[in-house]
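Peer 1: Before anything else, here's the structure in question.
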Amino acid sequence: MAVYGSLLLALPFLLSRLKFDILHAHVTLTWAFLLLLLVVNANRVPVLGTFFPGSLKSGIDNFLYPLAVLLLVACWTAVGFTRLSLLEIFCQIFVIMVSLNGVIAITGLFDDPTNHLQRFWGYAPATPETTVAVRALSNGRLTGIFSQPAEAGIAYSLALLAAIYLFGRHGKDRPVLLGLAVAPVFVGGVLSISKIFLLVGLPLAVWQAVRQGRRIQRLLVLVCMAGSIRILASQIHIPQWRGAWMLTLLFGSTSDTSATTKYTAGRLGKDGPFKVAFRYVSDTHPWFGYGAGGLAVPYDSSWIEMMIVGGFVGVIIFALVLVVLVYGWLKGRPTRSVPERSFATAVLVLSVAATMGLPAFTANRVALFIWIFLTLLILVDERQENTVSASAEGDRKGSEIPLKVRNLSIGPPAIR
């Protein structure tokens, strides 16, 4: 609601001042076309006895939300904020928020958080039948306010990348602040036992940190922080963590389970949701799917979601959006020599990888984070930003010239 409210308040005053770079405009118009297609096609009824129809209101909201974010970022730049200043501010706010969520997850080791957090999980009272977070909690997976471990894993991964950008880039290297910011984020990510965090986000964060330079100093500070956490934990009675077995299972060897089955939770199996949903939509409405309402089935992937709501056409449009983002990155956005380059690379790889385990570009909370980061890092052109700044400086100087000319004309003419 905050995004929609802010946009509705800003658009009437800023509509004439909105400026879109070519890539920003392409993604915005393409996503708007996808939304229109899903809304127009929302009256499809699934075959009786197979699946129930999904929620039309939730479906429209999932696809309207990214469009609102794209417009909101354009409003921010229209009022004079630069891309880098927006990126800095958002990273600071985001790292603080996710760090607090890590602290909330840590408190779950001492007390059952269901009563306090069920309002954030979407259903009250929260039960294993209504909320994924409760089922995850029963296995020891502590997610904080996020309703799914995958959602929490994406948020923790983005926070790690943002913290390294804030406190680890050249010229603003603050290793102590980096350690303080990373500690609760890292612990929260481990407690969530999210595969996207452990297998994708964490390696990307290490790669990004290595690219920033001053590796030994940063490594020593992080080791000291880890040692401090270990000493503190030894002085506090922490109950046995129920999720330790899942962490061992994730990285341990199991003779009766293939690596694909273990790391995809059976989604790619013969009777997994990927193939079941794909076959069903292919046999019934293959080209345009079932519209924004979709089907009442878990969307375990952006690609399954697009297939169900938009058919093959929806999958193609979504793939086109990703192609535009990758194209912008390949064309040098951000510029290869700036610290934002490795940050943008890690965020883009994480976002694309996350589509295989979660509708990352339409999921309620993480979609907001992903779209803001990608828009500020890739879609808003830094060269356009410099042009606007130069234009504003030129206007300022131009406004001073007539004043000086008028001052020269005051008084009697000089006698030579």
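What follows is calculated from the coordinates using simple rules that are stated; it is not laboratory data. Predicted, not measured: the structure shown is a model, and the values here were computed from it. Backbone-built Cβ (ideal geometry, glycine too); neighbour counts: all protein chains shown.
Peer 1: Taking the Cα centre of segment 1-150 as origin and charging only Cβ (+1 Lys, Arg; -1 Asp, Glu), how large is the dipole, in debye to the nearest 20?
Peer 2: Taking the Cα centre of segment 1-150 as origin, the dipole is about 300 debye.
Peer 1: Let me ask something else about it. Neighbour counts of other C-beta atoms within 10 Å: give me C224, C75 arranged from fewest to most.
Peer 2: Arranged by neighbour count, lowest to highest, C224, C75 become C224, C75.
Peer 1: Distance between the C-alpha centers of segment 34-71 and segment 307-343? Whole Å please.
Peer 2: The two parts, judged by their Cα centres, are 22 Å apart.
Peer 1: OK, next. Kindly identify segment 40-103 as rounded, prolate or oblate by the Cα gyration tensor criterion: order the square roots of the eigenvalues as a ≥ b ≥ c, call it rounded if a/c is under 1.5, otherwise compare a/b with b/c, prolate if a/b is larger, else oblate. Before the final figure, lay out the partial values.
Peer 2: Numbers: a/c = 6.22, a/b = 1.93, b/c = 3.22.
The shape class here is oblate.
Peer 1: Just to check I understand the Karplus step: with θ = phi - 60° and J = 6.51 cos²θ - 1.76 cosθ + 1.60, what whole-Hz values come out for segment 32-42, glycine and proline as x?
Peer 2: Listing the rounded values in order: 5, 5, 4, 4, 4, 4, 5, 6, 5, 9, 7 Hz.
Peer 1: What is the set of long-range amide H partners of L295 at a cut-off below 5 Å, with H atoms built 1.01 Å from backbone N?
Peer 2: When sequence neighbours closer than 5 places are left aside, the close amide H contacts are G54.
Peer 1: V210 versus I316, label points 7 Å from Cα toward the beta carbon: distance in nm?
Peer 2: Between V210 and I316, the simple spin-label model gives 4.0 nm.
Peer 1: Would you kindly compute the Cα radius of gyration of segment 281-370 and its largest Cα-Cα separation (Dmax), both in Å?
Peer 2: 15.1, 50
Peer 1: For segment 52-175, what does the alpha-carbon gyration tensor say about shape, rounded, prolate or oblate, given a ≥ b ≥ c as the root eigenvalues, a/c under 1.5 as rounded, and a/b over b/c as prolate?
Peer 2: oblate
Peer 1: With Cβ to Cβ distances under 12 Å as the rule, what net charge do the other residues near W121 carry (K, R +1; D, E -1)?
Peer 2: +2
Peer 1: Counting other beta carbons within 10 Å of each residue's own, what order do Y165, Y280 fall into, fewest first? Let's see the in-between values first.
Peer 2: Working: Y165 25, Y280 19.
Least to most surrounded, the residues fall as Y280, Y165.
Peer 1: Here is a further query. For T50 and D173 in one chain, what is 0.36 nm times their gap in residues minus the Cα-Cα distance, to one decimal in nm?
Peer 2: Additional length available on full extension: 38.6 nm.
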